[in-house]
Amino acid sequence: MITGKNYIGSQLIANGNKTYKTFNPQLNIENPWIFTEATSDEINLAVDLASMAYDTYKNYSGNQKADFLNAIADEILALGDELLEVYCTESGLSRGRAEGERGRTIMQLRSFADMVAEGSWVEAAIDTALPDRQPIPKTDLRKMLIPLGPVVVFGSSNFPFAYSTAGGDTASALAAGCPVIVKSHPMHVGTGEMVASAVIKAAKQTNMPEGIFSNLNDSGITVGSSLVKHPQVKGVGFTGSIKGGRALFDLASQRPEPIPVFAEMGSINPVVLLPQALEEQSTVWAAQFASSITVGSGQFCTNPGLLLGLKSDSLNEFISQLSEEIVKTVPSCMLHPSIRNNFMTGKKELQQQDEVITLTEIKTEDAPNFAEQTLLSVEGKTFLENTSLHQEVFGPLSIIVQCENETELIAILDKLEGQLTGTVIALDSELGKYTEVVASLQNRVGRLIFNGVPTGVEVCPSMLHGGPYPASSDPRFTAVGIHAVKRWVRPFSYQNWPNVLLPTALQNENPLGISRLVNNKQTHLPIALCLEKPSFV
Ligand code: NAP
């Protein structure tokens, strides 16, 4: 049941008087539930509880944390069809998408559970003492990753499960040992409350400390801003627009104690189309890119918003095929009227720029919140000079840039802002001739794709989902896959610390049996055996 209240720890509280509703974009009506915004007292209570929970939770074993994460996954599944129905009602997304995204969310929670249960993720490094070393003795030093403290998570509109309440940021922060306070996304607060109820139920079942998780409602930016400024908050996870991510990043930097903000933001995901590949397979690529641009109404951070080609007959052929293909796709519902309004405004702004040609555009007057997929075209020189054409328009829109030559193509790539992905469509034999193009692309992106489309993010350790600013606020980290945990920890050293008082991960006996770097060699062995057999592996 949806109550409309905030979870302050395990308590459902709503003492505020500001209320709001979510919207059903398919039916174009408001949803029935009434949500109450968190008050400043409720915000402070949630953070105080999280801070107290941190002191306990940071010392919990990997197995205890794994039990909690697995219990969250189980409880989300136990919410069954009702959760999926609320998801669809609040997002306009399909039942199939809801099931797929729930599956991904469950899988994320379980992979973090496996990681903490195994334990080696803490990157334990041990350098044993050398008391006889000359001219001065070497002391015993041991280092590992420890959690930062309470973390605030902002979810995005387009992933009500996987990048929201119990999505990748929350799962990775809980795995790291950080309590989490979620600022629920205003477009899917009901979905958020239901998922939060699953987290709270799991916390009770697995004896987690009170305050390990809170879920706060907010129709605007007051609650989120207060949370980021709160002195006891030690990190922020954000998925959303560049504007929102940058505002929170600036707020966090202005604090007396600045804290890290890991913001995953917008991207136009440039695609370089090399001539021979188009000559041989333009029909195939036109069909694939029409689908990639329009899938999910283009509401993916990896949507290909920019196609770059070298002027040629094969590029002309590709453009006319893509124009034909893209209008064949049946338009679909966008997430919310305001997302559609932003799409329509952004699209219009691009169309009004000098020398931008609209190749195709679908009209959806009878379906108020449906997307109007659009393909634009512009000369390389114009694109190079007008950086307002480089901005993300969130939705099914792509701009084809026709470059005079390779030099112009490289100049454009060099001028792009940071991106999540960069794609190259090429024949194997032709790639070697364009090494400078590939090098320029690599400088601007977090992931290179060869002969594929950028939509779709595999959740696995080798995935890098992030990139140079503004794709993300810190290109050294990924938001997807188990290495996302590294955003919520800091390295910490113990010098000459008594063995029994060390965390188990650093004790001589290696009671967890984890992989550790001992005197510069990776091993599972206890210290005594390492010292006995210095040539161990
Ligand atoms: P959004 O408008 O930035 O909202 C994200 C969240 O941040 C919302 O809860 C929003 O609250 C809050 N927020 C925004 N500005 C804020 C501010 N100045 N202060 C405090 N809170 C603020 O983005 P969205 O529409 O939900 O998501 C679409 C965007 O997300 C697209 O640009 C897409 O590319 C990007 N995205 C990126 C990734 C990635 O992994 N890189 C993944 C998915 C989506 P309010 O709604 O109340 O303002």
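Laid out as a table, the results:
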{"read-out": "Reachable lysines, given that their alpha-carbon falls under 23 Å from the alpha-carbon of residue 347 and they are not under 8 places away in the same chain", "value": "243, 328, 363, 381, 415"}
{"read-out": "At R0 = 56 Å, FRET efficiency that the Cβ-Cβ distance of residue 533 and residue 205 yields, to 0.05", "value": "0.80"}
{"read-out": "Under 24 Å from the Cα of residue 204 - lysines, other chains or at least 8 residues apart", "value": "5, 58, 65, 183"}
{"read-out": "Value of relative contact order over the chain, rounded to a whole percent, pairs C-alpha under 8 Å and six or more apart", "value": "17"}
{"read-out": "Positive-end extreme of charge dipole, the chain - chosen from 107, 171, 272 (charges on Cβ)", "value": "171"}
{"read-out": "Residue 450-residue 82 FRET efficiency (beta carbon distance; Förster radius 45 Å; 0.05 resolution)", "value": "0.60"}
{"read-out": "Stretchable slack from residue 114 to residue 63, in nm (0.36 nm times residue separation minus alpha-carbon distance)", "value": "17.5 nm"}
{"read-out": "Centre separation in Å (Cα based) which lies between region 48-107 and region 161-189", "value": "8"}
{"read-out": "Amide H partners (placed H, <5 Å) of residue 376, local residues excluded", "value": "359, 398, 399, 400"}
{"read-out": "Gained length - residue 257 relative to residue 429, 0.36 nm times residue gap less alpha-carbon distance", "value": "56.6 nm"}
{"read-out": "Backbone HN-Hα couplings from phi across region 457-474 [Karplus 6.51/-1.76/1.60, Hz, Gly and Pro as x]", "value": "10, 6, 9, 7, x, 8, 7, 10, 10, x, x, x, 3, x, 4, 8, 7, 8"}
{"read-out": "Positive-end residue, the chain charge dipole about Cα centroid, Cβ charges, pick of 6, 206, 182", "value": "206"}
{"read-out": "Normalised contact order of region 154-256, rounded percent, pairs of Cα under 8 Å and 6 or more residues apart", "value": "30"}
{"read-out": "FRET efficiency estimate (nearest 0.05) - Cβ-Cβ, residue 500 to residue 56, R0 22 angstrom", "value": "0.60"}
{"read-out": "Nonlocal amide H pairs with residue 452, under 5 Å, H built at 1.01 Å", "value": "424"}
{"read-out": "Linear extension gain, residue 324 paired with residue 469, 0.36 nm per residue minus alpha-carbon span", "value": "48.7 nm"}
{"read-out": "Only Lys, Arg (+1) and Asp, Glu (-1) charged, at Cβ; the chain dipole about Cα centre in debye", "value": "1680"}
{"read-out": "Three-way shape call for region 1-87 based on the alpha-carbon gyration tensor, with the a/c threshold at 1.5", "value": "oblate"}
{"read-out": "Under-5 Å amide H pairs with residue 445, H placed in peptide plane, nonlocal only", "value": "419"}
{"read-out": "Region 1-134, relative contact order in percent, only Cα pairs under 8 angstrom and at least six apart counted", "value": "23"}
{"read-out": "Debye, to nearest 20: dipole size of region 144-247, +1 on Lys, Arg Cβ, -1 on Asp, Glu Cβ", "value": "180"}
{"read-out": "Mean ellipticity per residue at 222 nm, deg cm²/dmol - from DSSP H runs of n ≥ 4 across the chain, formula -39500 (n - 2.57)", "value": "-12000 deg cm²/dmol"}
{"read-out": "Under 11 Å from the residue 490 label point (7 Å along Cα→beta-carbon), backbone N, region 208-237", "value": "234-235"}
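Throughout, read-outs are computed from the coordinates displayed, never taken from laboratory work. Given the structure is predicted, the values throughout are model-derived calculations rather than measurements. Because the Cβ atoms are built from the backbone with ideal geometry, glycine has one as well, and the counts that use them run over all protein chains shown.
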